[in-house]
Structures are given as C-alpha cells and as structure tokens.
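Q: Can you read through this structure? Questions will come right after.
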Amino acid sequence: NAGVTQTPKFRVLKTGQSMTLLCAQDMNHEYMYWYRQDPGMGLRLIHYSVGEGTTAKGEVPDGYNVSRLKKQNFLLGLESAAPSQTSVYFCASTPPQGIGWETQYFGPGTRLLVL
Amino acid sequence: AQSVAQPEDQVNVAEGNPLTVKCTYSVSGNPYLFWYVQYPNRGLQFLLKYITGDNLVKGSYGFEAEFNKSQTSFHLKKPSALVSDSALYFCAVGDYKLSFGAGTTVTVRA
C-alpha cells in the first residue's frame, strides 16, 4: 500500500493563478481531510469529506474548493491564489467505522508558495 | 467547541533524560485525545490516543501519555529521550474532526 499520497510536492504560483492539489489513498478510507500548516498555528482544517460525493467546510475554507468524485481521491482547488495561501498543505484520511476509525493517516504534504 | 493548548513552544532535554510535552484540552463531553509527531519535511505520524479506559496510554517509540480529567491535561512522556526523538509534536482533540495545538518543538541534545 502507498498509503496517502499528495501531488505535487512543491509548487510556486503567481497571485491570481489557479491550481489543484491531488490527494489519493489506497486504503479504502471513508473520511478524507485537507489541512494547512502555518508556523505557530498548528494544523487547521480547510475542508473534509465523509464519503464519495460529499464535502463540508472546516475551520478555514475561504478561497478553497474541494471535490470527492471518487472515494480514493480528494482534490483541493485554489481558484485565484493569494500570498496568504502560502503554506504547507496536508491531506489525511481515516478508516471506515470500526477499530481505529478515529486515527488519521497523513500524506507527506505539498509546499505552496504564492508570489 | 473543542481546543487544545500546548503551553511550550520548545522543549530541550539531554539524551537519556525524561521528556515531557504538555497539553491541556477543552471539550464538552468525553474527549478523544491524540498525539502526533512530525519529523522535518514529513507528514504527521500517529503516536497514541486516549478514547476511554486506562488513564495511562502507551504508544509508539516508547512514548506514553497520561490523561488527567481533573486537570484537563494529556501530557506526553518518555522516560529516556533519544536524539532521534527531536521533532515537532502536536496534541489534538476531537472525533472525526480534529483540532490541533500549535505544536511543541522537541530538541534532544547528545
């Protein structure tokens, strides 16, 4: 199993450009999450999904959109990037209901720089 | 609302000495508490969790944590720290939606 993978690993954008971050998991996990990590602020939840075709807002959703068309993939979109979106983005997933359902498994992260 | 606080930005210890990383929580109802570790340029890795049961929880790499309901704390401990334990540690609270603390940087010197 590859676990949780993220594409790309690093990206530089100019203000106003758009991009999509891809998260994929091969563990048949039901729930998936997008976080951003900023120095001194820990991880903050952007959006999450409790299953294929569903999405919901987290703590800091403004400026981002998400889609979960397939169970194994969770896409994070930036329609018009801003310097405030410079951050490290992490995807995570959790197993189906049962033992261990509450433990999140994280991807390696995507470092985004918006100039 | 749920939240955790990690009162120390940094913890420095000598190798072989005990390591403690502090965490306090605020939540209505019974808390689900977690510790994650992040090594440089890597994603977060799960260390341990408290859901219910014994107040002393044992996790990966020799770490343990003590749940204290009266003090609303969930401190992470290791009896004898290693240089390889140097990393960023996060406390978190929640069930399917987690709220993370700001993180504590642990440096273990040889």
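The values are calculated or read from the model by the stated rules, or taken from the named source; none is laboratory data. All of these numbers come straight from a predicted model, not from anything done at the bench. Please note: Cβ atoms are built from the backbone with ideal geometry, for glycine as well, and neighbour counts cover all protein chains shown. Remember, those area values only see protein heavy atoms, side chains included, never the ligands or the DNA or RNA. Shrake-Rupley method; radii C 1.70, N 1.55, O 1.52, S 1.80 Å.
Q: Only one of these is open to solvent by less than 60 Å² (accessible area, probe 1.4 Å) and in contact with a His (Cβ under 7 Å, 6 or more places away or on another chain): A:Gly51, A:Gly77, A:Gly42, A:Gly58. Name it.
A: None of the other options fit; the residue is A:Gly58.
Yes/no matrix, rows are residues, columns are (1) of a type outside the set (A, V, I, L, M); (2) more than 9 Å from chain B (Cβ to nearest Cβ):
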| residue | (1), (2) |
| --- | --- |
| A:Gly40 | yes, no |
| A:Arg44 | yes, no |
| A:Gly51 | yes, yes |
| A:Val60 | no, yes |
| A:Gly77 | yes, yes |
| A:Thr86 | yes, yes |
| A:Tyr89 | yes, yes |
| A:Thr94 | yes, no |
| A:Gly109 | yes, no |
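Q: Shifting gears a bit: Which pairs do you get when a residue that is in contact (Cβ under 8 Å) with a residue 24 or more places away in the chain and part of a loop (DSSP other than H, G, I, E, B), found in segment B:97-108, comes within reach of a residue that is open to solvent by 40 Å² or more (accessible area, probe 1.4 Å) and of a type in the set (D, E, K, R), reach meaning Cβ atoms under 9 angstrom, with the pair 6+ apart or on two chains?
A: That search, which allows pairs on different chains as well, returns B:Ala102/B:Asp9; B:Gly103/B:Asp9.
Q: Please determine whether any residue of segment A:61-70 is open to solvent by 60 Å² or more (accessible area, probe 1.4 Å) and of a type in the set (Val, Ile, Thr).
A: So far as segment A:61-70 goes, no, none of its residues is open to solvent by 60 Å² or more (accessible area, probe 1.4 Å) and of a type in the set (Val, Ile, Thr).
Q: Please enumerate the residues belonging to segment A:96-107 that are more than 9 Å from chain B (Cβ to nearest Cβ) and either open to solvent by 50 Å² or more (accessible area, probe 1.4 Å) or touching a strand residue (DSSP E or B) at 6+ places or on another chain (Cβ under 7 Å) (or both).
A: A:Pro96, A:Gln97, A:Ile99
Q: Counting just the residues of segment B:73-96 that are over 30 Å from A:Glu30 (Cβ atoms) and outside any strand (DSSP E or B), which one comes out farthest from the other protein chains (Cβ to nearest Cβ)?
A: Ranking the qualifying residues of segment B:73-96, first place goes to B:Ser80.
Q: Could you say whether any residue in segment B:9-25 is in contact with a Gly (Cβ under 7 Å, 6 or more places away or on another chain), open to solvent by 20 Å² or more (accessible area, probe 1.4 Å), touching a residue at least 12 places away in the same chain (Cβ under 8 Å) and within 14 Å of chain A (Cβ to nearest Cβ)?
A: Within segment B:9-25, not a single residue is in contact with a Gly (Cβ under 7 Å, 6 or more places away or on another chain), open to solvent by 20 Å² or more (accessible area, probe 1.4 Å), touching a residue at least 12 places away in the same chain (Cβ under 8 Å) and within 14 Å of chain A (Cβ to nearest Cβ).
Q: So, one more: Take A:Ser84 and decide whether it is of a type in the set (Ser, Thr, Tyr) and more than 29 Å from B:Leu33 (Cα to Cα).
A: yes
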